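Step one of this worksheet: look at the structure below.
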Amino acid sequence: MFPGPGPWGSVGSTFLVRAHDHCCFLQACVCTSSPATMALVSINQLPENILLEVFMHVPARQLLRNCRPVCCLWRDLIDLVSLWKRKCLREGYVTEDWDQPVADWKVFYFLCSLRRNLLRNPCAEEDMRSWNIDSNGGDQWKVESLPGAHGIDFPDSKVKKYFVTSYDMCLKSQLIDLKAEGYWEELLDKFRPDIEVKDWFAARADCGCTYHIRVKLTSADYLVLASFEPPPVTIHQWNDAKWTEVSHTFSDYPPGVRHILFQHGGKDTQFWAGWYGPRVTNSSVIISHRVTRNPPPAVAQP
């Protein structure tokens, strides 16, 4: 139900939509200037630009799940590039002067609407919550406030804390379930949006350390389909304690990705009691709006 009055003059409208046996029974109760006068017309008799305006106010998933199958007219209107471009403009995903190519505005809209950091508690604001502790050597993982002893401030002043490791291996991880996060199979397998991974690490100035990161894209049954595991980074004692960003983008990976495993950590090189190993914070795993593959438009069912 879409209540009026709307942007179409002084006419107020209430649209009632029912679907039955793949046919569409659609009525519009139109109240004219005289309260005593009422006429019933088919909603499909309205101009297409008005129907598009109605669809602009329907949540995107409902458009595809509930409205698109109603009839051929609605299917064709909902598949229009102009509708999804307008929805992108309305949500602020693009601006009027946007000049980057977009292969599929519908897919672009959904990827933008879902775009966020899929790692929880990346900056230690909730202590160790949401992280799986895979190795807890030495004096174990700890959370400290920036800049920390023999450290420097993080480049982004919004980041206030970090995780710190000890004298034996400390590793922690998160396993991201992409379907649980709102990404459906067709979107992942046909379009394979870029997956952007970032992490930040630093050493104490007075102690060397070794930093590790491992990221794996896996199938529903956890078979590894793609991975990023660079050699460990060793920082020597008496360093500048500078924060370093590590980044990697997965593109055109095999179909079937359903999970992302993110793991990082390390240890100090002096074997000192306490927390002298690498510091990590501001980690992120983001599904980008950019896609490597551009197959023909598909009937996506989010």
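The values are calculated or read from the model by the stated rules, or taken from the named source; none is laboratory data. What you see is a predicted model; the values in this text were computed from it and never measured. Note that we place each Cβ from the backbone using ideal geometry, even for glycine, and neighbour counts take in every protein chain shown. All accessible areas refer to the heavy atoms of the entire protein, side chains included, with ligands and DNA or RNA removed. Shrake-Rupley method; radii C 1.70, N 1.55, O 1.52, S 1.80 Å.
Descriptive notes on the structure:
- Using the Cβ-Cβ distance between Arg115 and Leu89 with R0 = 22 Å, the FRET efficiency computed as 1/(1 + (r/R0)^6) comes to roughly 0.85.
- With the simple spin-label model, which puts each label point 7 Å out from Cα in the Cβ direction, the Asp134 to Trp238 separation comes to 3.4 nm.
- Close amide H partners of Leu225, meaning residues 5 or more places away or on another chain with modelled amide H under 5 Å apart, are Leu217, Thr218, Ser219.
- Summed residue charge, Cβ within 11 Å of Tyr167's Cβ, Lys/Arg positive, Asp/Glu negative: -2
- Comparing Cα centroids, segment 74-138 and segment 250-269 end up 19 angstrom apart.
- Straight-line reach from Lys142: taking Cα to Cα under 22 Å and skipping same-chain neighbours fewer than 8 places apart, the lysines in range are Lys158, Lys160, Lys161, Lys172, Lys198, Lys242, Lys267.
- Charge tally in the Cβ shell below 9 Å around Cys209, where Lys, Arg are +1 and Asp, Glu are -1, Cys209 excluded: +2
- Per residue accessible area in Å² of segment 132-287, where ligands, DNA and RNA are left out and the probe is 1.4 Å: 43 Å²
- Cβ-defined net charge surrounding Phe108, 13 Å radius [Lys, Arg +1; Asp, Glu -1]: +3
- Carbon/sulfur fraction of accessible area - segment 114-179, other protein chains in place, 1.4 Å, %: 43 percent
- The phi-based Karplus calculation (6.51 cos²θ - 1.76 cosθ + 1.60; θ = phi - 60°) puts the 3J(HN,Hα) values of segment 108-118 at 4, 4, 5, 5, 5, 5, 8, 5, 5, 6, 7 Hz, whole numbers, x for Gly and Pro.
- When the alpha carbon gyration tensor of segment 46-114 is reduced to an equivalent ellipsoid, its three semi-axes come out at 21, 13, 11 angstrom, largest first.
- Convex hull (Cα only) mean projected area of segment 132-287, reported in nm² to one decimal: 9.1 nm²
- For a modelled paramagnetic label at Asp156, 7 Å from Cα along Cα-to-Cβ, the residues of segment 102-140 in reach, with backbone nitrogen under 16 Å, are 115-126.
- The tail of the calculated P(r) for segment 203-286 beyond 17 Å holds 53 percent of all Cα-Cα pairs.
- Note on Trp272 and Asp79: their simple-model spin labels are 6.6 nm apart, each label 7 Å out from Cα toward Cβ.
- Projected-area mean, segment 83-135, by convex hull of Cα positions, square nanometres: 5.9 nm²
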